[in-house]
Each structure stands twice: as structure tokens, then as C-alpha cells.
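In what follows, a structure is listed as C-alpha cells, so that the remarks can point back to it.
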Amino acid sequence: MVVEIKKVGVIGSGQMGSGIAHVCAVAGYQVYLNDLSRDRIESGLASINGNMARQVSKGQISEEDRSAALDRLHGAENLDMLADVDLVIESAVENEQVKRKIFSQLCPVLKPEAMLATNTSSISITRLAASTDRPERFIGIHFMNPVPIMELVELVRGIATEDETFEAAKGFVARLGKTTAVAEDFPAFMVNRILLPMINEAIYTLYEGVGSVESIDTAMRLGANHPMGPLQLADFIGLDTCLSIMQVLYEGLADSKYRPCPLLVKYVEAGWLGRKTRRGFYDYRGETPVPTR
């Protein structure tokens, strides 16, 4: 049963969820943004509004496009408001049990033909799909951060994902103006399997005293032409998310090269998660970021 996607639900109004809702609304979809509280939803909608205003100021979209996109955005305070959507994209915290709980509450609400997707950056699509009532209509649609800017989307099929679901997801991504890269369902897929071990190695380099935060980031920016140093990037991603992905790699592939650096674990235990908590490898509480080590 092929579904024409017109209405999209997004679960999670944080940086990723609000970014996904943003690009869907600009692309012409009716979008329903859900989170645990009205305050979180309002915060996500305000972030989208501000980001669209910046796009207008840069000439990327017109004011008319922005106004029309905002009209297509709706806050969904409960999952029942997603009963009529054609596609739901889950973008909650990178924790398998949290995602499973969301799916168990969501599936009874959805119409039978609705597609279900996850924005997970590392967790098995097959395993998540098996926790739903529609594994054949389940797929991984992994957006990159920040969603409105980054061009790539990883599409990841579970073992049960039907061809119709895959083709519908490809068409959906194309309408968003993004480029698809198809990844197999292995831990962390492609981008994060390559990127996160590099970040973890940079943290080991700091942990072992090979270089300071500033010297490591400067070395990779100027020596490898990276737009952002790996420790700065870790703060941007969120150190808790970095740790979760490394744990998935370490446990899923059983290779010691993926062991999370103890310093990364320590920062997460301290609640220093990067930009979102205003402290990570840099302290963001002043006018300019200052290294914490």
C-alpha cells in the first residue's frame, strides 16, 4: 500500500526535531510537532521561526515562503493529534528504551497505512522496527545537524522494510531538497561510524596530554581543513549523544577501538554536555567560548 505523504508528524522538538519540522514545512508538508510539554513545543516553534527569519535575511527563502511554512506548522500536545498523519519521524533522545516506549504509545494511534521513521544516528533499525506493529513500514531517516543547512540524509532499511516504504522515503527526502545516501543497518550506519571514532580519538588525544583543547581543534581545522575542530564539534553534537553512539559501536561491533574515552564518560557524568548545557570541552557562559582543559 503506497502512501502519498502530505502530513508529517515529528516527535521531539529539540535541535534535530525542530530542524526536521522546519524543512518539512518549507517543503510544503503539513507538520505536527510533538513533545512532552507545551513549553517544549513552543520553544521548538520559536526556534524554527527564528531560523526561518535568518533564511529570509540571507535570501534563501522569501518572506511569503516563511509565512506559508509557519502556517503549516502545528503544535501537537498529545500523540492523538498524529492520528491522521502519513509519516511520523521520531527524533527523541538517543536511547533505545525511550524510543521503544514512544513507539508503543504511538502505534495504536496511527492509521494502518502510516509510515514510521526514526532519526536515530546509531541504533539498529531492525530492532526498533520489531518493537512496532508495522516493521514493513518502518525505516531510518537520519538527518544531519543542523538540518536546514546540511544536505545529506542517510536512509537505512531494516530487514523487514518493504520496497514501497523505501521508495516513499526516497521521494520524501528528495522533496526536501536533500541528497540520499543509503546505508546498511549496522551500528552507527556510515557517517557516525566514521565521524564519532575520530571525535573519540581526539578526546583520547586530550586525555593523554598530547595536546590541549585549542591545539587539537586548531590542528584539525588548519591541518585537515575541517570547518570545525573535533572537540568543538563534539560540544555541538552533545557529549551525551557522542557517548551513546560510541557505546552502540563498542557493544555492537565488539572491537576495542570503539571504547569510549574515559574523559568523555567523565564529562557526561558531570553533566557537561556541550553547548546545550553551556559547558563541555569549552565553557560557553561568557562572551566567547573558553576551553575547560
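We did not get these values from a lab; they are worked out from the coordinates using the rules stated. Worth saying up front: this structure is predicted, and the values here are computed from it rather than measured. Heads up, the Cβs are rebuilt from the backbone with ideal geometry, glycines too, and the neighbour counts pull from every protein chain shown.
Could you pull out the trypsin sites (Lys or Arg not before Pro) across region 48-79 that fall in loop regions by DSSP (anything but H, G, I, E, B) with no more than 10 other Cβ atoms inside 10 Å? Mind dumping the intermediate values first?
Numbers: sites: Arg54, Lys58, Arg66, Arg72; in loops: Lys58, Arg72.
Sparse-neighbourhood loop trypsin sites (Lys or Arg not before Pro): Lys58.
Listed by chain and number, the aspartates and glutamates whose alpha-carbon sits under 12 Å from that of Lys99, ignoring those within fewer than 8 places in the same chain, are Glu90.
The 3J(HN,Hα) values that the Karplus relation (6.51, -1.76, 1.60; θ = phi - 60°) gives for region 149-158 are, in residue order, 9, 6, 8, 8, 10, 7, 9, 10, 7, x Hz. Gly and Pro appear as x.
Just how large is the dipole of the chain about the Cα centre, in debye to the nearest 20, putting +1 at every Lys and Arg Cβ and -1 at every Asp and Glu Cβ? Walk me through the numbers on the way to the answer.
Numbers: 30 positive and 37 negative charges, 109 e Å.
The calculated dipole for the chain is roughly 520 debye.
Residues whose amide H lies under 5 Å from that of Leu87, counting only those 5 or more places away or on a different chain, are Lys7, Gly9, Met115; hydrogens are built 1.01 Å from N in the peptide plane.
What does the helix-only formula give at 222 nm for the chain: each DSSP H stretch with n ≥ 4 adding -39500 (n - 2.57), the total divided by the residues, and the result rounded to the nearest 500 deg cm²/dmol?
-14000 deg cm²/dmol
Sequence-ordered 3J(HN,Hα) estimates for region 198-204 from the Karplus curve with 6.51, -1.76 and 1.60 and θ = phi - 60° stand at 5, 5, 4, 5, 5, 5, 4 Hz, glycine and proline given as x.
Near the amide H of Arg293, within less than 5 Å, lie the amide hydrogens of Val213, all on another chain or at least 5 residues away, with H placed in the peptide plane.
What is the Cα centroid distance between region 187-265 and region 1-67, reported in whole angstrom? If we compute the Cα centre of each part, the gap is 30 Å.
Can you classify region 142-266 as rounded, prolate or oblate using the Cα gyration tensor, where a ≥ b ≥ c are the square roots of its eigenvalues, rounded means a/c under 1.5, and otherwise it's prolate if a/b beats b/c and oblate if not? Numbers along the way, then the final one.
Working: a/c = 3.03, a/b = 1.63, b/c = 1.85.
In terms of gyration-tensor shape, oblate.
Placing a pseudo-label 7 Å from each Cα along the Cα-to-Cβ vector at Ala83 and Val3 gives an inter-label distance of 1.6 nm. Amide H to amide H distances under 5 Å link Gly75 with Leu33, where only residues 5 or more positions off or on other chains count and H is placed in the peptide plane.
3J(HN,Hα) along region 84-101, derived from phi through the Karplus expression 6.51 cos²θ - 1.76 cosθ + 1.60 where θ = phi - 60°, amounts to 10, 7, 9, 8, 10, 10, 7, 9, 7, 4, 7, 9, 4, 5, 4, 5, 4, 5 Hz, with x in place of Gly and Pro.
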